[in-house]
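Read the structure below first, then the notes.
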Amino acid sequence: MTEPEKPTSNDARSASMGYEYKKEDAPKEKVKGAGLAYVEIIRPLNCVMAAVAVYIAAVIAGVTVVPSIPPLGLGLAMVVVFLICGAGMVANDIYDIEIDRVNKPKRPLPSGRMSARSAKAYAAALFIIGILVSYFINIYAFGVAVIASLLLVAYASKLKKVMFAGNVTVSLLVALTFIYGGLLNFSLNNFQQLLVVLPLAVLAFLSNIGRELYKTIEDALGDKKAGADTFAVKYGIFRARTIASAFIIISVFLSFVPFVLGTLGMVYLMVVIIADIIFIAAVLAPVRHASKFTKFAMLIALIAFLIGAIFK
């Protein structure tokens, strides 16, 4: 005769009350911050920065002036960029869940605060709403919104694992936020608004490639385990950092172009020099801090563009 299994504390308490305890009756573990996961997963600061970039480009292109109430088209464009940017962030986390279990286990999906099914529905809703809103701006804004959405999905699903192609794609998307602001009153007979914001788009493209390469260094361990063919995984940390630093340095030199061309004035120059100092600090800092320094420098540069646009 086998010895009967000793009851657990829950079993004992239930038995004393004449109730048989069952495992399915066990209280479910509460997941902290489940609701906030829907905010965290879209990386709202990044999306706000993207929306602000549209506003800055619109001011520089003459679509609106400060201070004034932005036209409806500009407000819609900022909403579109915020939504599609957020959708791209969610899509990226869906495809990166296994990598994030190693590199970023506290993110909403690997931590279990959001299910993959919920994330897919969330991303789809953000993409669809963003594209629908863009239809009410103009046909060019609608076309760019569709292209950007497709690029974001392609990046998350395929291009991110293709060496350098993923870095170029996401940097192109960052540059498109400035282009988007120049498309609000765009017509085939008037390219001036687009040409004015082009230097800003180029600067955003170059600095973001540098940051993307720094990020591949930070994520090298998880990327290698997941079979991602990133620059840092294939060519090593030293080469990846050298190339990333080269892009950052080029963007520092080109940051003076808007001032030289007269697009932005002295106020822009004074603030962008601060951003340039932080960019250089990113180049010199330990590699684990380079991406964060670069992101902070990009934020200061964005402020420089905004202030420069207001006081040009």
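Exactly one of these conditions fails for Ala148: (1) small (Gly, Ala, Ser); (2) at pLDDT below 90; (3) over 24 Å from Ala290 (Cβ atoms). Give me its number.
(2)
Can you find even one residue in the stretch 143-150 that is closer than 23 Å to Met78 by Cβ, in contact (Cβ under 8 Å) with a residue 60 or more places away in the chain and either touching a Cys at 6+ places or on another chain (Cβ under 8 Å) or not small (Gly, Ala, Ser) (or both)?
no
Looking at the stretch 113-161 only, could you name the residues that are surrounded by fewer than 16 Cβ atoms within 10 Å (Cβ to Cβ) and in a loop (DSSP other than H, G, I, E, B)?
Ser115, Tyr135, Phe136, Lys158
Okay, residues lined up against (1) over 17 Å from Val162 (Cα atoms); (2) at pLDDT 85 or above:
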{"position": "Ala220", "(1), (2)": "no, no"}
{"position": "Ala246", "(1), (2)": "yes, yes"}
{"position": "Val252", "(1), (2)": "yes, yes"}
{"position": "Thr263", "(1), (2)": "yes, no"}
{"position": "Leu269", "(1), (2)": "yes, yes"}
{"position": "Ile280", "(1), (2)": "yes, yes"}
{"position": "Ala290", "(1), (2)": "yes, yes"}
{"position": "Ala304", "(1), (2)": "yes, yes"}
{"position": "Ile310", "(1), (2)": "yes, no"}
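Are any residues in the stretch 285-300 within 21 Å of Phe256 (Cα to Cα) and more than 16 Å from the chain's Cα centre (by Cα), and if so, which ones?
Ile300
Please enumerate the residues belonging to the stretch 35-73 that are under 30 Å from Val90 (Cα atoms), outside any helix (DSSP H, G or I) and of a type in the set (A, V, I, L, M).
Hits for the stretch 35-73 are Leu36, Ile41, Ile42.
Restricting attention to the stretch 17-55, and to residues there that are over 30 Å from Ala204 (Cβ atoms) and either in contact with a Pro (Cβ under 7 Å, 6 or more places away or on another chain) or of a type in the set (Asp, Glu) (or both), which single residue is modelled with the highest pLDDT?
That would be Glu20.
Looking at Ala77, is it aliphatic (A, V, I, L, M) and surrounded by fewer than 23 Cβ atoms within 10 Å (Cβ to Cβ)?
No, not satisfied.
From the residues in the stretch 61-108 that are without any contact (Cβ under 8 Å) to a residue 12 or more places away in the chain and closer than 29 Å to Leu194 by Cα, which one is nearest to the chain's Cα centre (by Cα)?
The qualifying residue nearest to the chain's Cα centre (by Cα) is Gly75.
The values are calculated or read from the model by the stated rules, or taken from the named source; none is laboratory data. Source: prediction; values computed, not measured. Neighbour counts run over all protein chains shown; Cβ positions are idealised from the backbone, glycine included.
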